[in-house]
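One structure below.
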Amino acid sequence: MAARKDILKERMSAKKIVVFGAGGHGKVVMDIATQCGYEVLGFIDDDPEAARLRSSFIVLGDRNWIRAANPSEVCCALGIGRNNLRMEIAQFVTGCGMELPTLVSPRAMVSASVDLGAGVVVMPGAVINAMARIGEGAIVNSGAVVEHDNRIGRYANISPNASLGGDVEVGEFAHVAIGATVLPSHRIGAGSILGAGSVATANIPDHVVAFGVPAKVQRPLLP
Ligand SMILES: CC(C)(COP(=O)(O)OP(=O)(O)OC[C@H]1O[C@@H](n2cnc3c(N)ncnc32)[C@H](O)[C@@H]1OP(=O)(O)O)[C@@H](O)C(=O)NCCC(=O)NCCS
């Protein structure tokens, strides 16, 4: 009888999660995980000592903590803003057999027809409309608007209050910075940055920094 009770209790208890990255982005991800009903055990950080000094939150250790954990008991959220590093951490975590949950803030509005990849985080106030596809490990940050039929590439980063018109494509690892706008049916190239407050009125090629209104390519970026 006691054993059955324990099994039921275990089934009803919250799923455990750790957040990889104890910086500013990680703190927001931690809040969302909590709001999604996870029990947050703490942060993992590649420099746990520095993270402990700057944070009042629990820092469990570095990635060796993930190696030693039981992946059937805990999953790992991506709390890293930098796109390339986020992918490297995602590959490490899944290589350890651990799940990368998709986290959607209960205060975001996401159409039921949206396809969200593993490890995607959608922040409070974001709106993602019909038939949009959000690739693995991408971030849709606070208040961002991702309109219908958008295709957001893997590990792309859509910053707070960015607005993407319908049928926009954002390449993998691209960064649409705070408050930037992309007019409908345009493309932001893979690995490119569209600067804060900019308006893309034409396609932006791969691996460049572009900004301004209208946005102009300013310089190349190494892939
Ligand atoms: C696009 C960006 C990367 C450019 O950074 P940078 O190459 O370091 O540029 P600098 O800060 O050296 O500025 C160079 C010049 O460009 C101008 N500039 C920079 N960003 C600009 C922008 N977004 N719009 C218009 N002008 C801009 C600067 O005013 C400066 O002009 P000056 O030479 O006349 O003084 C940066 O503006 C940006 O948008 N970063 C992303 C911020 C963000 O969204 N972070 C995520 C938070 S969650």
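Couple of notes before you dig in:
- Test: residue in the range 91-112 that is surrounded by fewer than 21 Cβ atoms within 10 Å (Cβ to Cβ) and touching a His at 6+ places or on another chain (Cβ under 9 Å): yes
- Residues in the range 95-127 that are touching a Ser or Thr at 6+ places or on another chain (Cβ under 6 Å) and of a type outside the set (A, V, I, L, M): P124, G125.
- Qualifying residue in the range 124-141 (condition: of a type in the set (D, E, K, R), out of contact with any Cys (no Cβ under 8 Å at 6 or more places or on another chain), farther than 22 Å from V29 by Cβ and outside the structural domain of Q35 (by TED's automatic domain parsing)): no
- Residue count for the range 162-192, restricted to those that are outside any loop (DSSP other than H, G, I, E, B) and over 20 Å from R219 (Cα atoms): 3.
- Looking only at the range 78-107, and only at residues there that are of a type outside the set (S, T, N, Q) and touching a Pro at 6+ places or on another chain (Cβ under 6 Å), the one that is nearest to the ligand (Cβ to nearest atom): R107
- Residue match in the range 163-172 (condition: surrounded by 17 or more Cβ atoms within 10 Å (Cβ to Cβ), under 29 Å from P101 (Cα atoms), of a type in the set (G, A, S) and more than 18 Å from the chain's Cα centre (by Cα)): yes
- Complete set of residues in the range 55-93 that are in contact (Cβ under 8 Å) with a residue 12 or more places away in the chain and part of a helix (DSSP H, G or I): R63, W65, I66, R67, N83, N84, R86, M87, I89, A90, F92, V93
- If you go through the range 12-40 and pick out every residue that is surrounded by fewer than 17 Cβ atoms within 10 Å (Cβ to Cβ), hydrophobic (A, V, I, L, M, F, W, C) and not in a helix (DSSP H, G or I), you end up with 1.
The values are calculated or read from the model by the stated rules, or taken from the named source; none is laboratory data. Model, not experiment: these values are computed from the prediction. Neighbour counts are summed over all protein chains in view; Cβ atoms, including those assigned to glycine, are modelled from backbone coordinates with ideal geometry.
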